[in-house]
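K.L.:
Structure incoming, see below.
The values are calculated or read from the model by the stated rules, or taken from the named source; none is laboratory data. Quantities reported herein were computed from a predicted structural model and do not represent experimental measurements. A quick note on method: Cβ atoms are made from the backbone with ideal geometry, for glycine too, and the neighbour counts reach across all protein chains shown. The area values use the complete protein model at the heavy-atom level, side chains included, leaving out ligands, DNA and RNA. Shrake-Rupley method; radii C 1.70, N 1.55, O 1.52, S 1.80 Å.
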Amino acid sequence: MSDDDTTAGSGSVAALEKAWAEDPLMMDYLDPASPYFGLKRLSTDLYLRALADVLDAVESTDRVLDLGCGIGRFTVELAKRAGEVVAVDPCASSLAACRRHLAEAGLSERVRIEQADLSYLRDVPDGAFDLVLCAEVLNYSDDPEADMAEIVRVTQPSGCAIVSIEGRFGALVVRGVGEDQWGDALGSGRLANSSDGAIWLPTLDEFAALVQTPSGGRASVIGSHFLGEGVFWTSLDDERLGDDAYRRRIAQIDETLNADERVRPWARVFIAVLFKD
Ligand SMILES: C[S@@+](CC[C@H](N)C(=O)[O-])C[C@H]1O[C@@H](n2cnc3c(N)ncnc32)[C@H](O)[C@@H]1O
């Protein structure tokens, strides 16, 4: 693919493999030596806090899908709780790291790893999973509506799907946007760049519509990651990210910002929880 390819998803895996080859420690942010360890630990804390009720309800007999699992920060958390986890990602290097982290946690036996993209869903029977997690992956989808419908289809009628995505304004603040890209970036939210190929960055309203339409059930959406990797990143003290109390305080501020309707659309990440019934 070329740098100006604007098909969402088409370049992301090649770009990831290149990044792994150039700087594996930057990519493997679950390694305490990674420069992103602290920031991603905060990010994972924000997710685990926002999803505490759903994760607490996971039972040891549950079948769980981690779609676009990356290096497995959530695969490990899910495997601690569920009896059977399927972890899917198209990037071989990320899956190798995921395997490593599962082995370190003694959780390998509970997880089946598949190298595949979102089209993996097409061969999955209806209602095959009690819980589906798809974190920050639909940005790379060529057809988010179709993929979202598939996520809901493979979720049990009594089950739950968690879908998160990078939000338009929060991401545009932090990602580099060329002067010729602003029209598309603000209009359609389609953003081509050399590191990811092309991505789709929905507004809060667009994401809420995306997740609500196929579920027919209950969907709630929150905004997250305002500090850290988001619009208020200058408020974060990187030196203190190793301090649990500091990360808790940042998480509280994140919740305060989400509660403010003026600010919520500016979240870096939107997180949706969908119950089908
Ligand atoms: C931002 S990372 C998120 C990883 C993981 N879910 C997490 O939150 O730590 C995006 C992931 O999506 C994967 N990805 C990119 N394009 C994809 C596609 N078309 N189908 C499935 N996964 C894809 C990448 O390989 C990468 O692991």
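K.L.:
For the stretch 142-214, report the translational diffusion coefficient in µm²/s to the nearest whole number, using Stokes-Einstein at 20 °C, 1.002 mPa s, and a Kirkwood Rh over Cα pairs. Intermediate results must be reported in sequence, preceding the final value.
P.N.:
Values: Rh = 13.5 Å.
For the chosen part, D equals 159 µm²/s.
K.L.:
Work from the charge dipole of the chain (Cβ charges, +1 for Lys and Arg, -1 for Asp and Glu, about the Cα centre) and give the residue of LEU274, ALA15, GLN252 farthest towards its positive end.
P.N.:
Comparing the listed Cα positions along the dipole, GLN252 ranks first.
K.L.:
Let me ask something additional. Excluding ligands, DNA and RNA, what is the solvent-accessible area per residue of the chain at a probe of 1.4 Å, expressed in Å²? If you can, show how the numbers build up before the last one.
P.N.:
Details: 12610 Å² over 277 residues.
That works out to 46 Å² for each residue.
K.L.:
Further question: In whole percent, and with a 1.4 Å probe on the protein chains, what portion of the accessible area of the chain is carbon and sulfur? The partial results should precede the final answer.
P.N.:
Values: 6260 of 12610 Å².
C and S fraction of accessible area: 50 percent.
K.L.:
Measure of size requested: the Rg and Dmax of the stretch 210-257, with Cα atoms as the atom set and Å as the unit; please supply both.
P.N.:
Cα only, the stretch 210-257: 14.6, 44 Å (Rg, Dmax).
K.L.:
In whole Å, what are the Cα extents of the stretch 134-277 along the three principal axes, biggest one first?
P.N.:
Principal axes ranked by extent give 44, 41, 26 Å for the Cα atoms.
K.L.:
Among all stretches of the chain without exposed GluC sites (Glu not before Pro) (DSSP loop, at most 16 other Cβ atoms within 10 Å), which one is longest? It would help to have the intermediate numbers written out before the result.
P.N.:
Values: sites that count: GLU59, GLU179, GLU261.
My reading of the result: 60-178 is the longest stretch.
K.L.:
Write down the Å³ per residue value for the convex hull defined by the alpha carbon atoms of the chain. Walk me through the numbers before you get to the answer.
P.N.:
Values: hull volume 35.1 nm³, N = 277.
Hull volume over Cα atoms, normalised by residue count, gives 127 Å³.
K.L.:
Right, another one. In whole angstrom, and with the biggest value first, how far do the Cα coordinates of the stretch 60-100 range along each principal axis?
P.N.:
Principal-axis extents of the Cα atoms in the stretch 60-100, largest first: 29, 16, 11 Å.
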